[in-house]
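One structure below.
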Amino acid sequence: MYEEFYGFQASPFNITPDPRFLFLSHRHREALDHLRYGLQERKGFIQITGEVGAGKTTVCRALLEQLGANYKTALILNPFLSCEQLLWLILVELGLEPESQDRMSNLAILNEFLLEQLSEGNDVVLLIDEAQDLDFELLEQVRLLSNLETDQRKLLQIVLIGQPELRDLLDRRDLRQLRQRITVRYHIGPLSRDETGAYIQHRLHVAGANSRPEFNRGAVRKIHRYSGGVPRLINAVCDKALLCGYVMGVDLLTARHVRRAVRELEGNFG
């Protein structure tokens, strides 16, 4: 609706993890740098955490777009799996053909593939999103996958992406073997108020905005106060505010429009 009114080429505040819209605040830039460093130096295990909606998945999708052809990747989005299902899905993501649900056969297929990629000078990366939902058995399976190695290097690099609960989970004494293998860690914090304003402008620009619409200072302050600097919440309130601006036929969005957007988000239509 409001896309045509404001002349957007794309919806600026979708909550999907589209790497085109990634705003590199210093936190998101550092997270991306940690990922690149960990993979380039073949550190084996990398851990990226952040609050719900902080932009973790978007950062990782941006990373996947930047990796060269010498990287083979498997991205697991749903961690509610059995060990057999996890291994089966990893093979599928890598373009391989699993042998039913037999763990040992599929592990042999994976190991052979990893050795082939090593001989061809390629790196293989496994990324697991929402890793805080992995149970103990699955985490042990992930740790065992990291044992696939030669005398010189790891054959499989693993990136665990999750909410802050992932850090608490890995602090458990019975998971210390896994925790000790994670040598690269980064936590993505919220945006500052200034970054919130820059984030909004960035997304409007990527969507094709041409000087309109505009969020004034009062609107940005209100958005930051409501969202706490969490990108997903910023997107949600900005989307509602733009709809409000469209209905009222205005280009300048103020704190009044944001207050109305917040009321609607909270289900208060009175």
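Throughout, read-outs are computed from the coordinates displayed, never taken from laboratory work. These numbers were taken from a predicted model, which means no experiment stands behind them. Please note: Cβ atoms are built from the backbone with ideal geometry, for glycine as well, and neighbour counts cover all protein chains shown.
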Length gain on complete extension for the stretch Arg263 to Arg167, per 0.36 nm per residue less the alpha carbon to alpha carbon distance? 31.2 nm
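Hand me the trypsin sites (Lys or Arg not before Pro) from the stretch 168-270 located in a DSSP loop with no more than 14 other Cβ atoms within 10 Å, in residue order please.
Working: sites: Arg172, Arg173, Arg176, Arg179, Arg181, Arg185, Arg193, Arg203, Arg217, Arg221, Lys222, Arg225, Arg232, Lys240, Arg256, Arg259, Arg260, Arg263; in loops: Arg172, Arg181.
Of the trypsin sites (Lys or Arg not before Pro), the ones in loops of the stretch 168-270 whose Cβ has at most 14 other Cβ atoms within 10 Å are Arg172.
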Could you please state, rounded to a whole Å, how far the C-alpha centre of the stretch 157-211 is from the C-alpha centre of the stretch 227-270? 25
Relative contact order for the chain: what percent, with Cα pairs under 8 Å and sequence separation of 6 or more? 28
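Can you give the relative contact order of the stretch 195-270 as a percent, counting alpha carbon pairs under 8 Å and 6+ residues apart?
Relative contact order comes out at 35 percent.
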Rounded to the nearest 500, what is the chain's calculated 222 nm mean residue ellipticity when only DSSP H runs of at least 4 contribute -39500 (n - 2.57) each, over all residues? -15000 deg cm²/dmol
What number, in percent, do you get for the relative contact order of the stretch 76-120 if the mean sequence gap of Cα pairs under 8 Å and at least 6 apart is divided by its residue count? 29
Return the distance in nm (one decimal) between the two label points of a simple spin-label model at Tyr37 and Ser192, each offset 7 Å from Cα along Cα→Cβ. 2.1
Tell me which of Leu170, Leu115, Gly95 sits at the most positive position along the dipole axis of the stretch 26-188, charges placed on C-beta atoms (Lys, Arg +1; Asp, Glu -1). Leu170
Dipole magnitude of the stretch 20-108, debye to nearest 20 (Cβ charges: Lys/Arg +1, Asp/Glu -1, about Cα centre): 440
For the stretch 26-188, the dipole about the Cα centre with charges only on Cβ (Lys and Arg +1, Asp and Glu -1), to the nearest 20 debye, works out at 760
Which percent, to the nearest 5, of DSSP beta bridges fully inside the chain are antiparallel? 5
With each label point set 7 Å from Cα along the Cα-Cβ vector, what nm distance links Ile15 and Glu65? 2.1
Taking a crude spin-label model, label points 7 Å out from Cα along the C-beta direction, the Gln85 to Gln201 distance in nm is 4.6
